[in-house]
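Reading through the structure tokens given below for one structure.
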């Protein structure tokens, strides 16, 4: 909870219309002066170590009054300055309002005056906010991660953390980042997407939705692949909603992003090394341990290394219905990358044996993409049919075929469905699920 301060009291004196207009930065004529005054006040607060002041409220009031003395500012402009300082003290500096905006899904800080946001799937530069300098960015990062017991400094110049609202923060500072501190925050909507949202947004068709629901209920092992920001985790959340409520589910992630609604869910999260360079718990450690926890399903947020082999082992030893995501540009690329990750585990296994292992473990590969107009699409759903001539054979069941762009830049295309009955339909039917009988 934010403490009531003289800043709040000041804003009570301003009528509602004036107060709301303080958010409209473009309405001010002397923007440069307001920016200069804001920077001067914030820098003074930092230089004088505001957190060490015995009477913080009085100190802030004096700093603001001293800085604004002699300037002929309107009530609206003063309210704007006061709110910026309030964000700095009780919030997270210039990005406070971006964090509060539910329509913004990504915040990217590349420099003091180089800030981008993702809005409705499109990345745009936000010209209305800025930091004072690189130290101001680092201070904001530290304020964000301090409640989590994390730190960032020259000894630990990189941090990946989950904020209290579930947002994912990644920050890199010098010497690792050559252009200065860089921060990326991926926000997640409070209201989770569901399959109906996907249908309304054109992410998939009704046939694809019915097919995927049947695959989940039949406990097929599924990999979801795609690029960064393509909607892999969102799709994983949606597919997990089809899992029966009586199953014991164990989720394993670097930073917990999955929000499963089932009652019997155990969420595990990795741990970084401590100051002594010990205590690290990796995804691989958690996958191995999860096998001893009597899981009905194992959901790995993302596989990116040695844990791939242990995950395949789980899928091949009775833990069917497992789900995971990985970075790859397509279904074939996903299997090639999975093969590489198994080799990273240091297992002296021939390539042929690894491919056979993958073929036995994985049933379905789903590829998601963020197309040029910012919308997310499921661009391919493929099944692994057989292992032939030392290669894994894929059969594409559904696909999105892009035809071009409209004059407004929107992607045109259509979803395609194979006419031949997929091999996985037999496995689905054997589980008593009959919804796909007339689909192909």
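Here are the numbers for this structure:
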| quantity | calculated |
| --- | --- |
| The range 130-149, subset free of Cβ contacts under 8 Å to residues at least 40 places away in the same chain and in contact with a strand residue (DSSP E or B) (Cβ under 7 Å, 6 or more places away or on another chain), residue surrounded by the fewest Cβ atoms within 10 Å (Cβ to Cβ) | 148 |
| Of residues in the range 292-319 being in contact with a strand residue (DSSP E or B) (Cβ under 8 Å, 6 or more places away or on another chain) and either outside the structural domain of residue 378 (by TED's automatic domain parsing) or assigned to a loop (DSSP other than H, G, I, E, B) (or both), the one surrounded by the fewest Cβ atoms within 10 Å (Cβ to Cβ) | 293 |
| Subset of the range 109-125 (residues that are touching a strand residue (DSSP E or B) at 6+ places or on another chain (Cβ under 8 Å) and either surrounded by 18 or more Cβ atoms within 10 Å (Cβ to Cβ) or modelled with pLDDT under 90 (or both)) | 109, 115, 117, 118, 119, 121, 123 |
| Unmet requirement for residue 325, which otherwise passes all of (1) surrounded by 15 or more Cβ atoms within 10 Å (Cβ to Cβ); (2) touching a strand residue (DSSP E or B) at 6+ places or on another chain (Cβ under 8 Å); (3) assigned to a loop (DSSP other than H, G, I, E, B) | (3) |
| Count of the range 162-204 residues which are over 16 Å from residue 258 (Cβ atoms) and under 13 Å from the mean Cα position of the chain (by Cα) | 4 |
| Matching residues in the range 420-430 - criterion: being touching a residue at least 12 places away in the same chain (Cβ under 8 Å), surrounded by 13 or more Cβ atoms within 10 Å (Cβ to Cβ) and over 34 Å from the mean Cα position of the chain (by Cα) | 421 |
| Exclusive hit being part of a loop (DSSP other than H, G, I, E, B) and under 25 Å from residue 166 (Cα atoms), set 256, 278 | 256 |
| Criterion (over 35 Å from the mean Cα position of the chain (by Cα), surrounded by 15 or more Cβ atoms within 10 Å (Cβ to Cβ) and either modelled with pLDDT under 70 or in a helix (DSSP H, G or I) (or both)) met by exactly one of 73, 58, 33, 98 | 73 |
| Set 354, 332: member being over 21 Å from the mean Cα position of the chain (by Cα), more than 30 Å from residue 412 (Cβ to Cβ) and part of a helix (DSSP H, G or I) | 354 |
| First in the range 157-182 and within 19 Å of residue 91 (Cβ to Cβ), second anywhere and surrounded by fewer than 16 Cβ atoms within 10 Å (Cβ to Cβ), Cβ under 7 Å, 6 or more apart | 161/148; 164/147 |
| Residue in the range 410-419 that is modelled with pLDDT under 90, within 18 Å of residue 201 (Cα to Cα) and crowded, with 16+ Cβ neighbours inside 10 Å present | yes |
| Every pair of residues 6+ apart whose Cβ atoms lie under 6 Å, when the first sits in the range 246-271 and is more than 20 Å from residue 188 (Cβ to Cβ) while the second is modelled with pLDDT of 85 or more and buried (at least 18 other Cβ atoms within 10 Å of the Cβ) | 247/297; 248/295; 250/290; 250/295; 250/298; 266/250 |
| Selection from the range 214-228 of residues that are buried (at least 17 other Cβ atoms within 10 Å of the Cβ) and either outside any strand (DSSP E or B) or not assigned by TED's automatic domain parsing to the domain that holds residue 371 (or both) | 214, 215, 216, 217, 218, 219, 220, 221 |
| Residue count, the range 92-110 (criterion: in contact with a helix residue (DSSP H, G or I) (Cβ under 8 Å, 6 or more places away or on another chain), in contact (Cβ under 8 Å) with a residue 12 or more places away in the chain and closer than 21 Å to residue 138 by Cα) | 7 |
| Any hit, the range 231-242, residues being more than 25 Å from residue 303 (Cβ to Cβ), surrounded by fewer than 18 Cβ atoms within 10 Å (Cβ to Cβ) and in contact (Cβ under 8 Å) with a residue 40 or more places away in the chain | no |
| Residue check for residue 374: assigned by TED's automatic domain parsing to the domain that holds residue 239, assigned to a loop (DSSP other than H, G, I, E, B) and surrounded by 12 or more Cβ atoms within 10 Å (Cβ to Cβ) | yes |
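One line per residue, one yes/no per condition, for (1) in a helix (DSSP H, G or I); (2) modelled with pLDDT of 95 or more; (3) farther than 18 Å from residue 239 by Cβ; (4) touching a strand residue (DSSP E or B) at 6+ places or on another chain (Cβ under 9 Å):
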{"residue": "341", "(1), (2), (3), (4)": "yes, no, yes, yes"}
{"residue": "360", "(1), (2), (3), (4)": "yes, no, yes, yes"}
{"residue": "383", "(1), (2), (3), (4)": "no, yes, no, yes"}
{"residue": "386", "(1), (2), (3), (4)": "no, no, yes, yes"}
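The values are calculated or read from the model by the stated rules, or taken from the named source; none is laboratory data. Since this is a predicted model, take the numbers as computed values, not measurements. Cβ: placed from backbone, ideal geometry, glycine included. Neighbour counts: every protein chain shown.
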